[in-house]
Amino acid sequence: MLNEDLISACLICVRKGRRKDKDSPSPLVQDEQRQYLQDPCVQERIIQADFEKIVDIPFSLDYCEWLATHVISFFNHVNLLYGAISEYCTLEGCPLMNGPGNVQYFWHDEKGKKFKCTAPEYVDYVMSFIQKDILEESIFPTKFGNAFPSTFQMIVKRIHRYLFHVLAHIYHAHYNEVHILGLHGHLNTLFAHFMVFNLRYDLLEEKETDVLQDLIKALTTFVPAETMNPLTSTSGEEGAADSDNTAQATATAGPLVSSSTNELETEVTQT
Ligand SMILES: [Zn+2]
């Protein structure tokens, strides 16, 4: 999808991405200057692909299969990139899971109680949570005859919300390390592909993506006139989320997002 080398390096299971060398760049203090928005950083890509065409679903493919394939791929790529800089995302260096504009992400437990955690803890929760979903046959069916659950799109939205938080943290707190390691082109390409796909299929809410809206505009000018979601979604379906799927016992766990700047706190839709 993005890059053959990168794809081949992705692992099916959750593992930390490892660089081929052990020479570590010096961790630098990241400020809010948003280096990732400055030229030539924002121009960096590993390929010049027309993602608007790439994300179009071929007429002969099933929509849920299309979603599932991308979810797994995006998960592997985000996991790989985060793994490459994970040694700099420490309890001491990243005591909060944050993103641009002082946005903080809070995890919450199965009972809906939110709690503050460090960035590495949050990312570990995210990756473990997504991996559990992906390996669940009743959610991501692999055997012939097994259907996707009616709540599949809602599950995809939740997964992509988590992945967006991780990407937002990487851009906000670890862009220097990403740049030093020469991975900024990969990060931009992955993020551009991820966001065009999300925009096309209406998988992320604006309240989530606002923190990186400037970067999104810089990386892609694609603005969907209307989404191409062939499913009739929606609140009704989401309201029934997980009710037919015992594997979603942990589905109530998830993030809360808030901004320490304006004290706004928005609870992400619970499932
Ligand atoms: Zn971090």
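Would you confirm, using the coordinates I've provided, whether residue 73 is modelled with pLDDT of 80 or more, more than 18 Å from residue 172 (Cα to Cα), under 19 Å from the mean Cα position of the chain (by Cα) and away from the ligand (no atom under 16 Å from the Cβ)?
Criteria met by residue 73.
Considering only segment 115-143, state which residues are of a type in the set (Asp, Glu), in contact (Cβ under 8 Å) with a residue 40 or more places away in the chain and in contact with a strand residue (DSSP E or B) (Cβ under 9 Å, 6 or more places away or on another chain).
none
Give just the number: which of (1) within 16 Å of the ligand (Cβ to nearest atom); (2) of a type in the set (A, V, I, L, M, F, W, C); (3) more than 18 Å from residue 212 (Cα to Cα) does residue 129 not satisfy?
(1)
Cβ-Cβ under 7 Å, sequence separation 6+ or interchain: first residue in segment 70-86 and closer than 14 Å to residue 160 by Cβ and of a type in the set (S, T, N, Q), partner assigned to a helix (DSSP H, G or I) and within 12 Å of the ligand (Cβ to nearest atom). Which pairs?
Hits for this filter: zero, empty list.
For the list (1) without any contact (Cβ under 8 Å) to a residue 12 or more places away in the chain; (2) under 15 Å from residue 69 (Cα atoms); (3) polar (S, T, N, Q), I need the number of the one condition that residue 213 fails.
Checking residue 213 against (1) without any contact (Cβ under 8 Å) to a residue 12 or more places away in the chain; (2) under 15 Å from residue 69 (Cα atoms); (3) polar (S, T, N, Q), the one that fails is (2).
State the number of residues belonging to segment 108-124 that are in a helix (DSSP H, G or I) and near the ligand (Cβ under 10 Å from one of its atoms).
Number satisfying all stated conditions: 4.
Residue-wise test of (1) under 14 Å from residue 163 (Cα atoms); (2) crowded, with 21+ Cβ neighbours inside 10 Å; (3) within 15 Å of the chain's Cα centre (by Cα); (4) of a type in the set (Gly, Ala, Ser).
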| site | (1), (2), (3), (4) |
| --- | --- |
| 94 | no, yes, no, no |
| 97 | yes, yes, yes, no |
| 103 | no, yes, no, no |
| 111 | no, no, no, no |
| 114 | no, no, no, no |
| 129 | yes, no, yes, no |
| 132 | no, no, no, no |
| 136 | no, no, no, no |
| 143 | no, no, no, no |
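Inside segment 76-100, can you point out the residues that are touching an Asp or Glu at 6+ places or on another chain (Cβ under 8 Å) and away from the ligand (no atom under 12 Å from the Cβ)?
Scanning segment 76-100 gives a single hit, 100.
The values are calculated or read from the model by the stated rules, or taken from the named source; none is laboratory data. Every value quoted in this text rests on a predicted model; they were computed, and no experiment measured them. Cβ: placed from backbone, ideal geometry, glycine included. Neighbour counts: every protein chain shown.
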